[in-house]
Amino acid sequence: MLKWTASRINAANYCRMRYYLRYVDPSKPKPARLSAYVKGSLLHDLIENFWKKLGTLEEVVSKSKNFKDKKYFDAESFSKYAQGKWTSIAIADERSPNKIDWRDKDEKWVIRSNLKKICTPLFPFLKEEGPPLFAELPIRVKFNGRMYYGIIDEIRKKDKLIIRDYKSGRPWVGEMKLKHDPQLTFYNFLVCCSANQNKEFAKKLGLEEEVTKKFMGNPFYICPDFELQFSMIEALAIDINSPNIKNPPNLISSTFRTDENYFELVKMIDGTQEAVETGNIYPERGKKCDSCDMSVACDKKLNDVNSGIFVDKKRQLIFDFAVPNFIKKEEPPKKNKSQKKFSFRYNLETGVKNSQE
């Protein structure tokens, strides 16, 4: 059974060629190890383990094995710890066969310097927020013939239940991403399904059984009362007093989702699967390609353009990614007539998906 994860959904939403190269292509091309991704992984790790490694000055300097996990006690020691972790990553990269893709020779040290700008204000922010209910929470659910799996950065409980996703990189969030990004829709759906199936989990979230019974399409898939957040980590490094910053980014951007967002997500998943099955895969070229970890592998597919349909020795279709249908030398294999064809129509009043054969 195909398992849909947040990463798989993001790849499909980003570009179907990227999705194909990462998850379908039998040659399994390796994604580039982009420096931005490596930095993002470090920042996520720092936040995930913040409370585990936070101690007092006495604990941090102690030689006792009881305090070996305590690495920092204030903003300065936290920043130095982060910079030390990055230095270790940069040194290890010199011996690694899977090199980090640096933008230039100085980038590794520029990032190290910028970590102090991020981590110095990050420390008091995390301390003030306090420990979350759940951090890096894995959720796996089976629903409507699909397996879904995701790891949620944080779940908190204040006035509302908060599902938070930490983001590194450019800290400005556009309105369309905030309103429609499929990752937050996916996380809301996962929490609803898990709360419906697991009473103990629902109890920890403070959700009543009468509420959770209505999830998983009975009649709701998405809970609009959950507060969904993007926390833009690198907004902390922006000098809001600088005359060059006319529109300061928000550290926390909040939104919500409804069942309509879930239906849109399902349409995207179904459309991606159908595109892969029929070979309707092509690069969605644009500015976003510059920051894509599959750009090198995708660029190589240009050689397949206009080369016609290929079939291997077992008569399996090999995609001709960019060949228009009217010049293909051979028609792609027809679908199995016994296979059901679903129309993407939903009754938005009842929240029930209608299908037609």
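The values are calculated or read from the model by the stated rules, or taken from the named source; none is laboratory data. No experiment lies behind these values; they were computed from the predicted model shown. No Cβ is skipped: glycine too gets one built from the backbone with ideal geometry, and neighbour counts run over all protein chains shown. For the accessible areas, the whole protein counts, side chains as well, though only heavy atoms, and no ligand, DNA or RNA atoms are used. Shrake-Rupley method; radii C 1.70, N 1.55, O 1.52, S 1.80 Å.
Extending 7 Å from Cα along the Cβ direction at ASN144 and again at GLU129 yields two label points whose distance is 3.1 nm. Where the centre of each part is set by its Cα atoms, how far does the range 214-267 sit from the range 33-94, in angstrom? Computed from Cα coordinates, the inter-centre distance equals 28 Å.
Only protein heavy atoms count here; on that basis, with a 1.4 Å probe, ASP74 has an accessible area of about 50 Å².
Cβ-Cβ distance of ASN280 and GLU136, R₀ of 30 Å, FRET efficiency by 1/(1 + (r/R0)^6): the value works out to about 0.25.
Against the compact-protein benchmark of 2.2 N^0.38 Å, the Cα-based radius of gyration of the range 98-175 scales to 1.52.
In the structure shown, the pairs LYS28/LYS117; LYS179/LYS300; LYS71/LYS116; LYS167/LYS203; LYS116/LYS177; LYS157/LYS213 are assessed against 26 Å; a Cα-Cα span above that value is assigned to LYS28/LYS117; LYS179/LYS300; LYS167/LYS203; LYS116/LYS177. For the range 165-238, the alpha carbon convex hull comes to 101 Å³ per residue, rounded to a whole number. Charges were assigned to the Cβ only: +1 to each Lys and Arg, -1 to each Asp and Glu. The resulting dipole of the range 120-265 about its Cα centre is roughly 260 debye.
Max-minus-min Cα coordinates of the range 24-175 on each principal axis give 53, 47, 38 Å, with the largest extent listed first. Multiplying the residue separation of THR87 and TRP109 by 0.36 nm and removing their Cα-Cα distance gives an extension gain of 7.1 nm.
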